[in-house]
Ligand code: HEM
């Protein structure tokens, strides 16, 4: 599905469409021992993204309680401090890679702090997340490499189990403790559910964000005068954040599966059909966004973009992501008013689907 209205209609229709099997299937056949490791590393609980109501509703309402406007407001100073800490040393550089030296460590630092994971685990979480991405790529790995990545994921699962046990015994003011301990509505998640959620939140919480930030900066640097307009406030940063997400959305699509025969866009889909919803294409639907390939911050009238999905599985971290993007752009504009792109060869993306992942973005202060 590539049309905005068709995608939005499917995402509203939980009666006919299930989120099970929502991710791409592995592209390569794995050796049996690795398959076994990959099916058990994060425990028994289903992942949030593949749950349907009512299970999804129950789990999501507990997680949502950790992302209230109050919790986000309280995190703002930490987010800004993380950006400043990473950007300050770069002011002395003649050139740096915005992705590896800022966007990725920034996004990871923020989500780890939000979850309440101490900074000493930063490197390991980055490595394990990379193993997960490598396994998504799937092709061209030797059995030894696959084993190394799967072993890494098992260590990630073990780490999540230990952390869950610690926060169960001694709660702190963090998202993991919020999910494990009964809230005022008498709800909480089981330890198994939290163990499965920790790696999900870490991985989805930083890879997408780093991509969104990098691509938004890249678009501005490639358009004459656009960075200056951001720096002098002619273009409001919140508008730029929304238009950056619309124009080049990091999660290009997701699958849904029909639970009964359904007619969509004049096609009859039998029960069990997998439908790929291309959010990136919907975001450039010319019927909804005139002149769709141009970056026009503040375009109106325009419907909300699909970069965070829609409906039941709407991104749980959307408000946090918006705050992170806004703060990062403010801090970048403040320190690097004359930022420019280093001469670029063809941009290289990791061959991952559905995540777009630009590998490098060299910039000059
Ligand atoms: C710019 C950054 C981000 C983008 C573009 C993004 C994109 C998305 C999209 C498109 C979905 C819906 C998937 C579907 O329809 O099946 C989603 C769901 C999700 N996102 Fe994000 N995301 C971002 C940031 C974050 C952050 C910071 C977190 C962590 C706090 C996060 C955690 C999640 C989770 C856990 C889900 C599953 C929600 C559910 O199934 O109920 N995301 N995200």
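What the table below lists for this structure:
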item: Odd one out for residue 323 among (1) more than 26 Å from residue 24 (Cβ to Cβ); (2) part of a loop (DSSP other than H, G, I, E, B); (3) touching a residue at least 40 places away in the same chain (Cβ under 8 Å); result: (2)
item: Number of the condition not met by residue 93 [criteria: (1) crowded, with 18+ Cβ neighbours inside 10 Å; (2) away from the ligand (no atom under 11 Å from the Cβ)]; result: (1)
item: Segment 56-80 - residue that is over 29 Å from residue 190 (Cβ atoms) and surrounded by 13 or more Cβ atoms within 10 Å (Cβ to Cβ) and, of those, nearest to the ligand (Cβ to nearest atom); result: 79
item: Enumeration of residues in segment 273-284 that are within 16 Å of the ligand (Cβ to nearest atom) and part of a loop (DSSP other than H, G, I, E, B); result: 278, 283, 284
item: All helices (runs of 4 or more DSSP H) inside segment 57-173 with 3 or more residues being free of Cβ contacts under 8 Å to residues at least 12 places away in the same chain; result: 69-87, 143-169
item: Every residue from segment 176-192 that is within 16 Å of the ligand (Cβ to nearest atom), under 21 Å from residue 44 (Cβ atoms) and modelled with pLDDT of 95 or more; result: 176, 179, 189
item: Residues (crowded, with 18+ Cβ neighbours inside 10 Å, within 11 Å of the ligand (Cβ to nearest atom) and in a loop (DSSP other than H, G, I, E, B)) located in segment 4-46; result: 19, 22
item: Subset of segment 333-350 [within 16 Å of the ligand (Cβ to nearest atom) and either touching a helix residue (DSSP H, G or I) at 6+ places or on another chain (Cβ under 6 Å) or closer than 15 Å to residue 91 by Cβ (or both)]; result: none
item: Segment 298-317, residues that are within 16 Å of the ligand (Cβ to nearest atom) and farther than 19 Å from residue 12 by Cβ; result: 317
item: Test: residue in segment 209-218 that is surrounded by fewer than 18 Cβ atoms within 10 Å (Cβ to Cβ), closer than 29 Å to residue 340 by Cα and touching a helix residue (DSSP H, G or I) at 6+ places or on another chain (Cβ under 9 Å); result: no
item: Condition broken by residue 360, with the remaining ones in (1) crowded, with 17+ Cβ neighbours inside 10 Å; (2) touching a residue at least 60 places away in the same chain (Cβ under 8 Å) satisfied; result: (1)
item: Within segment 293-314, tally of residues that are in a loop (DSSP other than H, G, I, E, B) and surrounded by 18 or more Cβ atoms within 10 Å (Cβ to Cβ); result: 8
item: Count of segment 270-290 residues which are within 24 Å of the chain's Cα centre (by Cα), more than 15 Å from residue 306 (Cα to Cα) and surrounded by fewer than 18 Cβ atoms within 10 Å (Cβ to Cβ); result: 1
item: Residue within segment 131-144 that is buried (at least 20 other Cβ atoms within 10 Å of the Cβ) and over 22 Å from the mean Cα position of the chain (by Cα) present; result: no
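Let's see how each residue does on (1) near the ligand (Cβ under 10 Å from one of its atoms); (2) closer than 30 Å to residue 131 by Cα; (3) touching a residue at least 60 places away in the same chain (Cβ under 8 Å); (4) not in a helix (DSSP H, G or I):
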| site | (1), (2), (3), (4) |
| --- | --- |
| 204 | yes, yes, yes, no |
| 212 | yes, yes, yes, no |
| 217 | no, yes, yes, no |
| 240 | no, no, yes, no |
| 246 | no, yes, yes, no |
| 255 | yes, yes, yes, yes |
| 271 | no, no, no, yes |
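The values are calculated or read from the model by the stated rules, or taken from the named source; none is laboratory data. The shown structure was predicted, so the numbers you read here are calculated from the model rather than taken from an experiment. Note that each Cβ is placed from the backbone with ideal geometry, even for glycine, and that neighbours are counted across all protein chains shown.
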